[in-house]
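This report refers to the structure that appears directly beneath it.
Values in this text are rule-based calculations from the coordinates and carry no lab data. Bear in mind the structure is a predicted one, so any value in this text is a computation, not a measurement. Every residue, glycine among them, receives a Cβ derived from its backbone with ideal geometry; neighbour counts consider all protein chains shown.
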Amino acid sequence: MSILIYAESAEGKIKKVAFELASYAKKVAEQQGTTVTALTINADDVSVLAKYGVDKVLKVNQADLKTFNAKAYADVIKQAAQKEGAKLVVLSSTTDAKYLAPLAAMDLDASFASNVVALPESTAPFIVKRTAFSNKGFVFTALESDVKVIALGKNSFGLIEANGTATAEDFNPTVTLDQIKVENVEKVSGKVTIADAEIVVSAGRGLKGPENWGMVEELAEVLGAATACSKPVSDLDWRPHSEHVGQTGKPVAANLYIAIGISGAIQHIAGINASKVKVVINNDPEAPFFKVSDYGVVGDAFQVVPELIKKLKEF
Ligand code: FAD
């Protein structure tokens, strides 16, 4: 029996979210006296997973799995879990994983909990802490089935280096592709996707028009961040809909969220609340965003942002 994680990759490179899953699974495995197996699909260098506590890697390398296909990938996860006798399967909360996790749970006849943010409160019964109500509260959920699937909230646990070694084994699951095809909707925003970003630079209607986004993109580039926007901005077609964050857009759980010219409406905050540090730049000291931010600059974005870029470039 082991714990199985699905270690996502993009263009052959293991994603950072996989390291967080590995760190989390290792701690649970230590509690339960078991080991961690990582499933990779068409990833190149998998040895890096050992650094975060993975004991074994099941490597799938199949051309027909090159494009993300939720049903086929869920089927692969099921086969890997059954091969390893895994009682706990841990996925992330990326867009792909949000499709996959409930499907994998269904395939495995397992109970499922999303948005898990901490190590299990207890293992018998198996109780996990999850965010609820647009990240405004927590709930504790007991999973009672034999096999359990959980999805870890992004940046909720962090990375813990274990510096172990992992064995790697080729795994050739049987895949049928006559299944619903789900396009990968993660679009690249700047150089980093919103889901993967440690830092997100987001801007709102305060920027007046799409022609003013150059400074937002420049700030994002300097910081290695993804760009995002408020809902009206994408409704107005100033920015693509893939950048819209909030209650009706993408959730953001970055380490740093910088909001420029965004008022801080409740529907916006609901989607970015899980971010660790929130910085606001707004010329209205009464803007509601200041009430939920960690740091705020009251000022004109057209002066503050270029100045910030200049200072950052001096480092
Ligand atoms: P505004 O409210 O117009 O605010 C612009 C801000 O820019 C102001 O605070 C202003 O002081 C500041 N500003 C102006 N000029 C400058 C300057 N030169 N320098 C600095 N600051 C300046 N919104 C979302 O974002 N995401 C959602 O998912 C979402 N879902 C919704 C769902 C529902 C059902 C509803 C009803 C609404 C939803 N909204 C959502 C919309 C939300 O209520 C707000 O209308 C929206 O977030 C406001 O966007 P904004 O802050 O960019 O614009």
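A simple charge model with +1 on the Cβ of Lys and Arg, -1 on the Cβ of Asp and Glu and nothing else charged puts the dipole of segment 10-57 at about 120 debye relative to its Cα centre. Among the listed pairs Lys250/Lys276; Lys148/Lys278; Lys15/Lys78; Lys13/Lys136; Lys129/Lys276; Lys276/Lys313, which have their C-alpha atoms separated by more than 26 angstrom in this model? Lys148/Lys278; Lys13/Lys136, as the Cα separations exceed 26 Å there. I want to verify the translational diffusion coefficient of segment 88-128 in µm²/s; compute it with Stokes-Einstein, Rh as the Kirkwood radius over Cα pairs, at 37 °C and 0.692 mPa s. Result for D is 299 µm²/s. Per residue, the convex hull spanned by the alpha carbons of segment 1-127 comes to 95 Å³. For segment 184-315, the Cβ-based charge dipole about the Cα centre amounts to some 200 debye (Lys, Arg positive; Asp, Glu negative; other atoms uncharged).
Taking every Cα-Cα distance in segment 261-315 and sorting them into 5 Å bins starting at zero, the pair-distance distribution P(r) comes out as 4, 20, 26, 21, 18, 9, 2, 0 percent.
Less than 5 angstrom separates the built amide H of Val280 from those of Ala259, Tyr295, Gly296, Val297, all sequence-distant by 5 or more or on a different chain. Residues whose amide H comes within less than 5 Å of that of Thr35, counting only those at least five positions distant or on another chain, are Ile3 (H built at 1.01 Å from N in the peptide plane).
Counting Lys and Arg as +1 and Asp and Glu as -1 over every other residue whose Cβ lies under 9 Å from the Cβ of Gly12, the net charge comes to -2. Charging the Cβ of each Asp and Glu at -1 and of each Lys and Arg at +1, and nothing else, the dipole of the chain about its Cα centre rounds to 480 debye.
Ranked from largest, the principal axis spans of the Cα set of segment 195-254 equal 27, 25, 15 Å. Per residue, the Cα convex hull of segment 156-315 amounts to 161 Å³.
For segment 1-44, the average shadow cast by the Cα convex hull is 2.8 nm², which is a quarter of the hull's surface.
Size of the chain: Rg and Dmax of its alpha carbons, in Å, are 20.5, 59. Taking 0.36 nm per residue of separation and subtracting the current Cα-Cα distance, fully stretching the chain between Thr248 and Gln31 would add 74.4 nm.
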